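Trainee: One structure follows; several queries about it will come next.
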Amino acid sequence: MTEPRPIDLDSWPRRELFEHYRASPCTYALTVEIDVTEFVAELARVGRKTYVAQIWAIATIINRHDEFRMTLDDEGRPSVWPVVHPAFTVFNAERETFACVWAPYDDEFAAFHDVAAPLLAEHARATELFPLGAPPNMFDVSSLPWVSFTGFTLAIRNGWDHLAPIITLGRYVERDGRVVLPLAFQIHHAAADGFHASRFVSELQQLVAEPTWVTSS
């Protein structure tokens with residue numbers, strides 16, 4: 001595993017913001033609806049797994065930007081992982097519990113799908129929370145496919161050192177002939193501002209609006 005790259009604080013435009021929100025910790029959450037009409041139609045046509053495709057699309061945007069790959073070194077200084085991998089929940093219907101597994105990010109959707117999709121079946125009856133362990137360079141995605149929502153916030157005790165984004169997905173909603181996906185995005189303000197969160201939403205919307213990558217081999 002490649003080590004994270006330290007940020008040069010002397011030339012970093014966000015240094016003052018980072019230091020302020022480390023001294024006065026603050027996280028925030030943004031809940032939006034993503035139009036996934038074309039995305040859903042393309043997945044239905046090719047038969048690939050929706051959840052895996054959602055995870056890949058999110059991971060692709062996350063890996064584009066330094067602010068979403070941030071971590072702290074042993075001395076509390078900000079660093080950036082060269083790549084981060086998605087960790088995602090798998091529901092055990094019999095026990096009504098879930099496990100958290102992860103798959104290495106690949107910028108080719110087909111390659112990622114071939115690795116991640118079998119994990120959903122393999123761990124559908126998992127009884128451990130982390131059956132595959134948890135690498136340090138990961139971020140979290142979870143899904144609530146049973147309910148749509150207009151707001152979602154996590155409260156993490158002793159989580160002020162957690163800089164990675166956390167994404168929560170809800171149930172699809174059909175409205176005026178379109179399909180939308182509720183998505184909650186939560187992150188530490190030391191890592192990213194509203195501009196960065198908004199850019200994440202905009203780029204994710206663009207990616208799922210042009211889902212030609214779904215059929216890539």
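The values are calculated or read from the model by the stated rules, or taken from the named source; none is laboratory data. Computed from a predicted structure; not experimentally measured. So basically every Cβ, Gly included, is an ideal-geometry build from the backbone, and we count neighbours across all protein chains shown. Remember, those area values only see protein heavy atoms, side chains included, never the ligands or the DNA or RNA. Shrake-Rupley method; radii C 1.70, N 1.55, O 1.52, S 1.80 Å.
Trainee: What helices (runs of 4 or more DSSP H) completely inside the range 35-125 contain at least 2 residues that are open to solvent by less than 30 Å² (accessible area, probe 1.4 Å) and small (Gly, Ala, Ser)?
Mentor: 50-62, 109-122
Trainee: Among (1) open to solvent by 60 Å² or more (accessible area, probe 1.4 Å); (2) under 21 Å from Ile62 (Cβ atoms), there is one condition Arg157 misses while meeting the rest; what is its number?
Mentor: (2)
Trainee: If you don't mind, another one. Would you tally the residues in the range 4-18 being in contact (Cβ under 8 Å) with a residue 60 or more places away in the chain and either touching a Lys or Arg at 6+ places or on another chain (Cβ under 6 Å) or open to solvent by 80 Å² or more (accessible area, probe 1.4 Å) (or both)?
Mentor: Residues meeting the conditions: 3.
Trainee: Can you pull out every residue in the range 126-147 that is under 22 Å from Phe91 (Cβ atoms), open to solvent by 50 Å² or more (accessible area, probe 1.4 Å) and in contact with a strand residue (DSSP E or B) (Cβ under 8 Å, 6 or more places away or on another chain)?
Mentor: Of everything in the range 126-147, those that are under 22 Å from Phe91 (Cβ atoms), open to solvent by 50 Å² or more (accessible area, probe 1.4 Å) and in contact with a strand residue (DSSP E or B) (Cβ under 8 Å, 6 or more places away or on another chain) turn out to be Thr127, Glu128, Leu129, Phe130, Leu132, Ala134, Pro145.
Trainee: State the number of residues belonging to the range 19-34 that are among the hydroxyl-bearing types (Ser, Thr, Tyr) and surrounded by fewer than 17 Cβ atoms within 10 Å (Cβ to Cβ).
Mentor: The total comes to 3.
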